[in-house]
Amino acid sequence: MCDESRPHGVGLSENHELMWLGRNSRDGGSTPPGNMRPKASNVLITGTPEVGQTLTGSYIYTDANADTEGVSTFKWYANGAVIAGANAKTYTLNSSELGKTIQFEVTPVAQTGVKNGSAVKSAATATVINPNEAPTASSVLISGTAQVGETLTGSYTYTDADSDTEGTSTFQWYADNVAILGATSKTFTLTTSEEAKTIQFEVTPVAQTGNVTGLAIKSATTNPVTP
């Protein structure tokens with residue numbers, strides 16, 4: 001039964017802190033009746049679950065009493081286990097997470113009122129994988145005679161560690177290490193402009209999918225072009 005004679009409202013505790021003075025022993029405390037805990041919803045992860053990639057956690061903070069958000073806290077999990085030191089909104093995946101699923105957790109915290117809400121986790125990501133590797137070109141060679149009027153042919157071996165099929169690889173021919181304007185196919189017919197110069201063929205391997213563009217690789221130089 002309530003004691004109507006007891007004071008109620010805001011007063012000072014023995015420690016000189018603001019507290020709510022209720023009419024019975026159960027409602028004395030630092031928070032007025034009816035103040036609700038903050039909530040986190042729509043807890044999500046964006047980013048690619050791949051070693052070396054950065055994931056970002058997001059959420060919506062709400063408070064029924066319009067208490068402003070304070071310093072909410074975060075955790076990241078790999079296969080349900082807390083990742084030590086991962087307590088920011090972003091996390092960069094490393095080889096320790098390979099083959100595991102990742103979750104982001106937020107505990108909403110208000111500046112005033114009932115401060116700490118319940119921790120809420122995101123759904124798990126797909127399994128973390130290794131990054132897709134770029135294709136490579138090797139055995140870059142030139143066949144043909146280094147003579148004005150002759151046609152040279154470039155060749156190479158395309159490889160991709162992830163078995164990504166070759167797309168439209170690009171080519172460039174060089175005379176004395178200077179790119180020859182318009183010489184961008186696998187063959188090149190020598191002109192007097194290349195006389196006495198050495199020739200190189202370059203290929204940049206390109207995959208259809210995955211990590212698309214590899215490093216450009218040049219062949220060895222030919223002998224100087226003869227008339």
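The values are calculated or read from the model by the stated rules, or taken from the named source; none is laboratory data. In this text, all values refer to a predicted model and were calculated from it rather than measured experimentally. Cβ sites come from the backbone with ideal geometry, for glycine too, and all protein chains shown count toward neighbours.
Select from the range 118-145 the residues that are in contact (Cβ under 8 Å) with a residue 60 or more places away in the chain and touching a Leu at 6+ places or on another chain (Cβ under 6 Å) and write down the one among them that is nearest to residue 221 (Cα to Cα).
Ranking the candidates gives 142 first.
Taking only the range 151-187 into account, find how many residues are touching a residue at least 24 places away in the same chain (Cβ under 8 Å), in contact with an Asp or Glu (Cβ under 9 Å, 6 or more places away or on another chain) and either under 14 Å from residue 141 (Cβ atoms) or among the small types (Gly, Ala, Ser) (or both).
Qualifying residue count, the range 151-187: 6.
As an exercise: evaluate residue 48 against (1) β-branched (Val, Ile, Thr); (2) under 30 Å from residue 132 (Cβ atoms); (3) touching a Ser or Thr at 6+ places or on another chain (Cβ under 7 Å) and give the number of the one condition it does not meet.
(3)
Take the range 177-216 and flag every residue that is closer than 20 Å to residue 132 by Cα, of a type in the set (A, V, I, L, M) and surrounded by 16 or more Cβ atoms within 10 Å (Cβ to Cβ). Full working, then the answer.
Of all residues in the range 177-216, those closer than 20 Å to residue 132 by Cα come to 204-216.
From what's left, of a type in the set (A, V, I, L, M): 206-207, 212, 215-216.
Passing the criteria: 206, 207.
Across the range 83-129, what is the total count of residues that are among the hydroxyl-bearing types (Ser, Thr, Tyr), assigned to a loop (DSSP other than H, G, I, E, B) and under 22 Å from residue 67 (Cα atoms)? Spell out the reasoning first.
So in the range 83-129, the residues among the hydroxyl-bearing types (Ser, Thr, Tyr) come out as 90-92, 95-96, 101, 107, 112, 118, 122, 125, 127.
Checking which are assigned to a loop (DSSP other than H, G, I, E, B) leaves us with 101, 112, 118, 122, 125, 127.
Still in the list and also under 22 Å from residue 67 (Cα atoms): 112, 118.
Residues meeting the conditions: 2.
Could you tell me which residue of the range 26-70 is modelled with the lowest pLDDT, considering only residues that are β-branched (Val, Ile, Thr) and within 14 Å of residue 115 (Cα to Cα)?
Of the residues in the range 26-70, the ones β-branched (Val, Ile, Thr) are 31, 43, 45-46, 48, 51, 54, 56, 60, 62, 68.
Now restrict to residues that are within 14 Å of residue 115 (Cα to Cα): 31, 62, 68.
Working: 31: 49, 62: 97, 68: 96.
Filtering the range 26-70 for residues that are β-branched (Val, Ile, Thr) and within 14 Å of residue 115 (Cα to Cα), the one modelled with the lowest pLDDT comes out as 31.
Only residues that are part of a strand (DSSP E or B) and either at pLDDT below 95 or loosely packed, with under 13 Cβ neighbours inside 10 Å (or both): list them for the range 130-140, please.
138, 139, listed by residue number.
For the range 193-203, give me the residue count where each residue is farther than 14 Å from residue 159 by Cβ and within 35 Å of the chain's Cα centre (by Cα).
Quick first cut of the range 193-203, residues farther than 14 Å from residue 159 by Cβ only: 193-202.
In the following step, the residues that additionally are within 35 Å of the chain's Cα centre (by Cα) were identified as 202.
The total comes to 1.
Does any residue of the range 158-173 turn out to be surrounded by 14 or more Cβ atoms within 10 Å (Cβ to Cβ) and more than 14 Å from residue 214 (Cα to Cα)?
Within the range 158-173, one or more residues are surrounded by 14 or more Cβ atoms within 10 Å (Cβ to Cβ) and more than 14 Å from residue 214 (Cα to Cα).
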